[in-house]
Amino acid sequence: MLRDSAATVAPACPVKIIAMGNNIKQTLYEGDWLRLVKIGHWESCERTHGQGMAVIIIAVTPDNNVLFVEQYRVPLGARTIEMPAGLVGDDHAHDTLQDAARRELIEETGWSPGKVDVLLVGPTSSGMSNERIAFVRARNLSKVGDGGGVDNEDITVHTVPRAQAPAWLMRKQAEGFELDLKLWAGLWMIEHNPDGSPAD
């Protein structure tokens with residue numbers, strides 16, 4: 001889910017100081033969705049919602065097409081190809097990974113899952129951010145709308161035959177799109193569980 005809102009003016013000095021073991025955690029800046037912190041000598045970024053959690057949804061339609069989304073990403077200054085994804089707990093205090101995955105899949109693609117399974121949770125960029133993401137496999141999909149996102153996300157939905165998905169992604173890169181590298185992990189987990197066993 002894309003968020004574009006004005007943040008408060010950066011303070012002249014840290015607004016919060018917390019002891020963390022032998023280190024001091026300082027909040028250098030806090031906006032509506034992100035905060036910049038310093039722990040000891042290490043600067044990093046934290047999400048301000050839901051313990052920094054997000055979901056990425058691996059979804060294949062009944063016609064064996066993989067669902068991808070295309071949208072403009074402000075930090076990159078470019079359009080990207082990604083799997084459907086979104087934040088956990090940004091609008092819903094009691095959000096679960098499964099609830100967030102269902103909601104984001106419907107909002108972004110117009111497909112509703114009959115079943116969602118959380119496969120794996122881990123950090124996305126452990127040296128820079130506290131963000132963790134959950135890979136969620138969505139199954140038994142049914143079409144319930146057009147998708148496209150909310151709050152001016154301007155998402156384009158792509159349904160790509162599963163066997164052609166890797167080649168299609170490389171063509172999009174050649175056209176100038178940025179590709180989320182998690183796409184290849186998602187494609188692998190269509191057929192495999194994280195331990196390498198076949199998906200049910």
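Do we have any residue at all in segment 109-128 that's modelled with pLDDT of 95 or more and in a helix (DSSP H, G or I)? Checked segment 109-128: at least one residue is modelled with pLDDT of 95 or more and in a helix (DSSP H, G or I). Output the residues belonging to segment 77-90 that are of a type outside the set (Val, Ile, Thr) and in contact (Cβ under 8 Å) with a residue 12 or more places away in the chain. Selection gives Ala78, Arg79, Glu82, Met83, Pro84, Ala85, Gly86, Leu87, Gly89, Asp90. With respect to the conditions (1) in contact with a strand residue (DSSP E or B) (Cβ under 9 Å, 6 or more places away or on another chain); (2) surrounded by fewer than 11 Cβ atoms within 10 Å (Cβ to Cβ); (3) outside the structural domain of Val118 (by TED's automatic domain parsing); (4) among the small types (Gly, Ala, Ser), Ala199 lacks only one, and its number is (2). Pairs are defined by a Cβ separation below 7 Å, a sequence spacing of at least 6 or placement on different chains, a first member in segment 146-161 that is assigned to a loop (DSSP other than H, G, I, E, B), and a second member that is among the hydroxyl-bearing types (Ser, Thr, Tyr); the pairs so defined are Gly147/Thr109; Asp154/Tyr72. Among the residues of segment 2-19, are any at pLDDT 55 or above, of a type outside the set (S, T, N, Q) and under 30 Å from Glu104 (Cα atoms)? No, that holds for no residue. If you check Asp95, Asp32 for being surrounded by 12 or more Cβ atoms within 10 Å (Cβ to Cβ), within 30 Å of Lys143 (Cα to Cα) and modelled with pLDDT under 95, only one passes: Asp95.
Only one entry in Val55, Val121 is farther than 25 Å from Met170 by Cα and not small (Gly, Ala, Ser), namely Val121.
The values are calculated or read from the model by the stated rules, or taken from the named source; none is laboratory data. All values derive from a computational prediction rather than experimental measurement. Here the Cβ is made from the backbone with ideal geometry for all residues, glycine too, and neighbour counts use every protein chain on show.
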